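Structure first, then comments.
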Amino acid sequence: MKAVITVVGKDSVGILAKVSCGCSDFNANILDVTQSVIDDYFTMVMVVEISKLNADLSELNKKLEADLPTMKIHVMHEDIFNAMHRI
Amino acid sequence: MLNMTDIMETVTMIQDEALDIRTITMGISLIDCADGDIDRSCDKVYDKITRYAERLVETGEKIEKKYGIPIVNKRIAVTPIALLAGASGGDPIKYAVTLDRAARAVGVDLIGGYSALVQKGFAPGDTELIQSIPRALAETDVVCSSVNVGSTKAGINMDAVRTLGHVVRECAELTKDDQCVGATKLVVFCNAPEDNPFMAGAFHGPGEPDCVINVGVSGPGVVRAALANMDDTADMGEIANEIKKTAFKITRMGQLVGTEASRMLGAPFGIIDLSLAPTPAVGDSVAHILEEIGLEQCGAAGTTAALAMLNDAVKKGGLMAANNCGGLSGAFIPVTEDAGMIDSARSGCLKIEKLEAMTAVCSVGLDMIVIPGDTPAEVISGMIADEAAIGMVNYKTTAVRVIPAIGVPEGEELEFGGLFGTGPVMKVNTASPAKMIARGGRIPSPMQALKN
């Protein structure tokens with residue numbers, strides 16, 4: 001099982017570090033990271049393995065939101081993207 | 001493999017364009033609760049609803065958290081209560097109070113099915129239930145009611161139409177101190193679907209299984225945003241195609257959520273209602289889609305054509321994404337629940353006559369329209385008859401949910417709050433249809449009914 005973490009907002013130092021630490025705390029294994037910074041605007045998509053997650057996905061979402069209060073963060077199960085974008 | 005563009009598209013739909021699952025509705029059959037004694041019958045109803053729907057809200061919340069998609073409402077639809085009232089006798093209000101209590105016990109937002117199906121005539125329980133609707137809606141909070149007064153197969157029961165004109169008025173009168181809210185919870189249908197997950201018209205039809213999960217999706221904001229990204233020179237065919245693609249994505253999400261909910265609750269997945277259901281929130285309006293297509297304001301000439309195209313494209317896109325479609329499936333045009341419609345009604349661009357034309361090409365009818373408080377019952381009956389005729393002849397569902405604004409002068413507004421929204425009092429043609437309404441009887445079913 002995989003989940004997708006998206007982080008969007010103004011760029012600053014340590015965003016990726018905080019997200020990675022959060023994943024580590026919840027035992028989510030990072031599989032893939034794509035990120036870009038255009039005109040100071042940070043966008044990151046991270047795919048994580050959640051089979052051994054030690055809490056609900058929503059808990060991870062809350063933790064990341066607390067660590068990065070100025071960023072827009074979504075943690076969502078990968079099924080929703082597969083359903084919407086694959087026939 | 002997932003790509004970044006697709007992922008960000010989904011996230012934007014949820015974050016900025018108000019994409020949501022409008023409702024997961026559990027349909028529960030109460031046929032086995034019928035008893036000759038109304039109190040025993042009510043006890044069985046309460047037990048069955050609270051047993052079957054015990055985990056409905058919790059399950060909805062779990063899915064919300066897993067997929068990060070808002071599920072706005074969790075609801076219950078039950079067997080038309082008139083069937084139980086017919087078996088048990090007694091005051092049907094007892095059932096309304098029981099439904100209200102059961103709905104609160106399991107924490108759902110609304111419960112529908114305080115209903116009667118009288119398209120061809122009245123069976124035991126029907127008249128008593130219909131007469132009790134105003135009191136039932138005034139004395140409960142989350143109970144919704146509907147009456148089916150016509151169908152393509154049966155014609156239109158004009159005795160029921162006459163009665164319902166009075167019932168609608170009384171619903172508003174009994175709740176005049178609370179924004180006439182009673183009338184927002186009553187829908188008068190022609191060709192009512194038996195598996196509709198949307199309120200206030202949801203009920204669990206006699207042909208349905210014991211328990212079923214139906215899902216209603218929504219996404220006017222997503223469709224509008226998709227059209228906003230298109231070139232102004234795109235032709236109507238291209239616009240229809242873009243709407244189809246968007247509807248497909250929205251519906252796939254509904255299919256995923258419905259499948260998951262049905263698995264978790266151990267109940268079969270009935271249908272997805274392929275709908276564009278607006279809310280009063282900014283960016284969640286069907287009227288704004290029509291304006292994005294190129295109308296100065298909803299209600300302008302061209303509105304009916306744009307809506308017909310939108311309604312058709314939503315169905316075509318959604319069909320392939322869903323295993324089973326049903327319910328109302330189409331674009332909704334409830335005036336008070338749609339920010340763009342509210343503006344058009346306020347400015348006078350959108351009139352009831354135009355709305356009536358629009359109902360011929362979209363999924364419901366004259367929905368959530370505030371009318372003057374002194375509108376005679378016969379005029380309301382006339383409006384119901386007209387809508388029922390459109391539904392009957394076109395083999396589609398139509399409905400009337402109008403709210404007489406008792407004691408509110410013209411120019412003022414009723415404010416229901418939440419999803420029900422707010423709306424100005426709209427002008428009604430009050431030339432009297434009283435003589436025709438007093439005739440009663442049944443309008444025979446049209447040629448379209450004879451398909452066998």
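The values are calculated or read from the model by the stated rules, or taken from the named source; none is laboratory data. What you are looking at is a predicted structure, and each value in this text was computed from that prediction instead of being measured. Using ideal geometry, Cβ is built from the backbone for each residue, glycine included, and neighbour counts are taken over all protein chains shown. The area values use the complete protein model at the heavy-atom level, side chains included, leaving out ligands, DNA and RNA. Shrake-Rupley method; radii C 1.70, N 1.55, O 1.52, S 1.80 Å.
Taking the alpha-carbon distance from A:Lys18 and a cut-off under 30 Å, which lysines remain once sequence neighbours fewer than 8 residues away in the same chain are dropped? Straight-distance partners of A:Lys18: A:Lys2, A:Lys10, A:Lys52, A:Lys62, A:Lys63, A:Lys72, B:Lys62, B:Lys65, B:Lys66. Take the Cα of A:Lys72, go 7 Å toward its beta carbon, and the backbone nitrogen atoms of segment A:1-34 under 16 Å from that spot belong to A:5-11. Charge tally around B:Phe189: other residues with Cβ under 12 Å, Lys/Arg +1 each, Asp/Glu -1 each, net -1. Mind running the shape call on the protein assembly as shown? Use the C-alpha gyration tensor, a ≥ b ≥ c as the square roots of the eigenvalues: rounded below 1.5 for a/c, prolate if a/b tops b/c, oblate otherwise. Note, shape of the protein assembly as shown comes out prolate.
Taking the centroid of alpha carbons for each part, segment B:81-119 and segment B:339-368 are 31 Å apart. Counting only residues at least eight positions apart within a chain, or on another chain, the lysines with an alpha carbon under 26 Å from that of B:Lys244 are B:Lys315, B:Lys316, B:Lys354, B:Lys396. Chain B against chain A buries an accessible area of about 2400 Å², both chains summed, 1.4 Å probe radius. Ignoring aspartates and glutamates fewer than eight residues from B:Lys185 along the same chain, the ones with Cα atoms less than 15 angstrom from its Cα are B:Asp100, B:Asp109, B:Glu139, B:Asp141, B:Glu170, B:Glu173, B:Glu337, B:Asp367, B:Glu415. In segment B:1-50, burial by the other protein chains removes 40 Å² or more of accessible area from B:Met1, B:Leu2, B:Met4, B:Asp6, B:Ile7, B:Met8, B:Thr10, B:Val11, B:Gln15, compared with the chain on its own (1.4 Å probe, ligands and nucleic acids ignored).
Comparing A:Asp56, A:Asp39, A:Asp67 in a Gaussian network model of chain A (Cα springs below 10 Å), the most mobile by mean-square fluctuation is A:Asp39. Counting charges near B:Ala53 (Lys, Arg +1; Asp, Glu -1) among other residues having Cβ under 11 Å from its Cβ returns a value of +3.
Entry comment: accessible area of segment A:2-85 is 47 Å² per residue, from protein heavy atoms only and a probe of 1.4 Å. The stretch between A:Ile87 and A:Ser12 holds 23.2 nm of extra length on full extension. This uses 0.36 nm per residue minus the Cα-Cα distance.
At a probe radius of 1.4 angstrom, the accessible area of segment B:23-452 per residue rounds to 36 square angstrom. Charge tally around A:Gly9: other residues with Cβ under 13 Å, Lys/Arg +1 each, Asp/Glu -1 each, net -2.
For chain A, carbon and sulfur atoms together expose 52% of the accessible surface, with a 1.4 angstrom probe and every protein chain in place. Applying 1/(1 + (r/R0)^6) with r as the Cβ-Cβ distance of B:Glu353 and B:Glu58 and R0 = 56 angstrom yields a FRET efficiency of 0.75. Per atom type, segment B:23-452 shows carbon and sulfur on 50% of its accessible surface, probed at 1.4 Å. With the alpha-carbon atoms of segment A:2-85 aligned to their principal axes, the span from lowest to highest coordinate is 35, 30, 18 Å, starting with the largest.
Rounded to the nearest angstrom and listed largest first, the equivalent-ellipsoid semi-axes of chain B from its Cα gyration tensor are 32, 28, 20. Approximating the spin labels as points 7 Å out from Cα along Cα→Cβ, the B:Ile443-to-A:Met1 distance works out to 5.4 nm. Taking 0.36 nm per residue of separation and subtracting the current Cα-Cα distance, fully stretching the chain between B:Asp141 and B:Asp39 would add 34.6 nm.
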